[in-house]
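*Asks:* Okay, here's the structure, questions in a sec.
We did not get these values from a lab; they are worked out from the coordinates using the rules stated. This is a predicted model, so every value here is computed, not measured. Cβ sites come from the backbone with ideal geometry, for glycine too, and all protein chains shown count toward neighbours.
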Amino acid sequence: TRSTRPQRILKAVQNNATRGDAESVIAAIDNFCRKKEWAMNVGDDKGPILDSVVSEVSPSFALELGTYCGYSTIRIARLLPPGSRLLTLEFNPDYAAIAHQIIAWAGLQDKVELLEGPSRDLIPQMKERFGIKSFDFVFLDHWKEFYLPDTKLLEECGLLRKGTVLLADNVICPGTPKYLEYVRNSPCYESCYFKSHLEYTKVEDGLEKSVFLG
Ligand SMILES: CNc1ncnc2c1ncn2[C@@H]1O[C@H](/C=C/CNC(=O)c2cc(-c3ccc(F)cc3)cc(O)c2O)[C@H](F)[C@H]1O
Ligand SMILES: [Mg+2]
């Protein structure tokens, strides 16, 4: 039977990237998705914005909602200081299986914990089961209608602290209007928009950075 797009992305990594070299894995995925098959990675236009925010925060505990093939997982993990942890949530087992292999190819498996399951079940388990006090950084890139409910869930579970940075992908395309309205109007957040382009296209998209004020 025909392979899946994530399987073809993994093959492109195995054929074009050097084991243990995260930069070459990122480049292999971007080349494949720009030249062969589009895929919903944050990409090489928004990616440097993600990099700059992660470097600025230098999080000890980071959370990613929506792993997909692990492209942004690797972009984040490669910048983390030693001893820090990135937890990434993915409820599609086929995507999780591919992401595990791509993260391992990049040599970043020791910094990343890929948790298979829905965010709504895993977020309430973060303190007890995963030993998380609070997150320093959260990257939202899962189903767009879940950005707002999951942000509220993170608040309710006491997983955000004064200064936690939320960075949301796709706030223009496909768009996350309810989330944007919330973080831009809530007195608990200081928000700003980084204009960019939808991955591998000329279409406008951007990232919204929101600092939780406690
Ligand atoms: C809801 N709770 C979840 N828990 C765990 N894993 C989850 C959960 N929800 C989804 N997942 C998991 O997170 C991923 C979902 C990513 C969704 N991303 C997009 O739709 C998305 C779409 C476009 C796009 C733009 C223009 C166009 F013409 C077509 C597409 C661009 C983007 O950058 C995107 O990120 C994964 F697939 C799903 O299993
Ligand atoms: Mg996205």
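*Asks:* Just the residues that are β-branched (Val, Ile, Thr) and surrounded by fewer than 12 Cβ atoms within 10 Å (Cβ to Cβ), please, taken from the range 1-25. Full working, then the answer.
*Replies:* The initial filter retains those residues of the range 1-25 that are β-branched (Val, Ile, Thr), namely 1, 4, 9, 13, 18, 25.
Listed by number, the list holds a single entry, Thr1.
*Asks:* Could you tell me whether Asp136 is under 15 Å from the mean Cα position of the chain (by Cα), closer than 26 Å to Ser58 by Cβ, acidic (Asp, Glu) and within 15 Å of ligand 2 (Cβ to nearest atom)? Step through it out loud before you land on a result.
*Replies:* Working: under 15 Å from the mean Cα position of the chain (by Cα): yes; closer than 26 Å to Ser58 by Cβ: yes; acidic (Asp, Glu): yes; within 15 Å of ligand 2 (Cβ to nearest atom): no.
Considered against the rule, which asks whether it is under 15 Å from the mean Cα position of the chain (by Cα), closer than 26 Å to Ser58 by Cβ, acidic (Asp, Glu) and within 15 Å of ligand 2 (Cβ to nearest atom), Asp136 comes out as no.
*Asks:* How many of the residues making up the range 6-45 are away from ligand 2 (no atom under 16 Å from the Cβ), β-branched (Val, Ile, Thr) and over 19 Å from Asp94 (Cα atoms)?
*Replies:* Residues meeting the conditions: 2.
*Asks:* Moving to a separate point now. Please indicate, with yes or no, whether at least one residue in the range 105-113 is touching a residue at least 60 places away in the same chain (Cβ under 8 Å) and touching a Ser or Thr at 6+ places or on another chain (Cβ under 8 Å).
*Replies:* We begin by selecting, within the range 105-113, every residue touching a residue at least 60 places away in the same chain (Cβ under 8 Å); these are 105-108.
Of the ones still in play, those that are also touching a Ser or Thr at 6+ places or on another chain (Cβ under 8 Å) are 108.
Yes: the range 105-113 contains one or more residues that are touching a residue at least 60 places away in the same chain (Cβ under 8 Å) and touching a Ser or Thr at 6+ places or on another chain (Cβ under 8 Å).
*Asks:* Separate question: Taking helices (runs of 4 or more DSSP H) that fall entirely within the range 46-146, which contain at least 3 residues that are crowded, with 23+ Cβ neighbours inside 10 Å and among the hydrophobic types (A, V, I, L, M, F, W, C)?
*Replies:* On the way: elements: 71-77, 93-105, 119-122.
The qualifying helices (runs of 4 or more DSSP H) are 71-77, 93-105.
*Asks:* Moving on to the next point. I'd like the residue in the range 24-78 that is touching a Phe, Trp or Tyr at 6+ places or on another chain (Cβ under 7 Å) and aromatic (Phe, Trp, Tyr) and, out of all such residues, is nearest to ligand 1 (Cβ to nearest atom).
*Replies:* Restricting to residues being touching a Phe, Trp or Tyr at 6+ places or on another chain (Cβ under 7 Å) and aromatic (Phe, Trp, Tyr), the top hit is Tyr68.
*Asks:* Has the range 157-177 got at least one residue that is farther than 21 Å from Val57 by Cα, exposed (fewer than 15 other Cβ atoms within 10 Å of the Cβ) and away from ligand 2 (no atom under 16 Å from the Cβ)?
*Replies:* No: the range 157-177 contains no residue that is farther than 21 Å from Val57 by Cα, exposed (fewer than 15 other Cβ atoms within 10 Å of the Cβ) and away from ligand 2 (no atom under 16 Å from the Cβ).
*Asks:* Scan the range 151-193 for residues that are away from ligand 1 (no atom under 16 Å from the Cβ), touching a helix residue (DSSP H, G or I) at 6+ places or on another chain (Cβ under 6 Å) and over 24 Å from Gly43 (Cα atoms) and jot them down.
*Replies:* Hits for the range 151-193 are Leu160, Tyr182, Tyr189.
*Asks:* Residues to consider are Thr151, Thr164; find the one that is outside any strand (DSSP E or B), touching a residue at least 12 places away in the same chain (Cβ under 8 Å) and of a type in the set (S, T, N, Q).
*Replies:* On the way: Thr164 fails: outside any strand (DSSP E or B).
Criteria check complete, one pass: Thr151.
*Asks:* Looking for something closer than 20 Å to Ser60 by Cβ, touching a residue at least 24 places away in the same chain (Cβ under 8 Å) and out of contact with any Cys (no Cβ under 7 Å at 6 or more places or on another chain) - is there at least one such residue anywhere in the range 195-209? First the steps, then the outcome.
*Replies:* Just the residues of the range 195-209 that are closer than 20 Å to Ser60 by Cβ, to begin with: 209.
From what is left, the residues that are touching a residue at least 24 places away in the same chain (Cβ under 8 Å) are 209.
Then drop every residue that is not out of contact with any Cys (no Cβ under 7 Å at 6 or more places or on another chain), which leaves none.
No.
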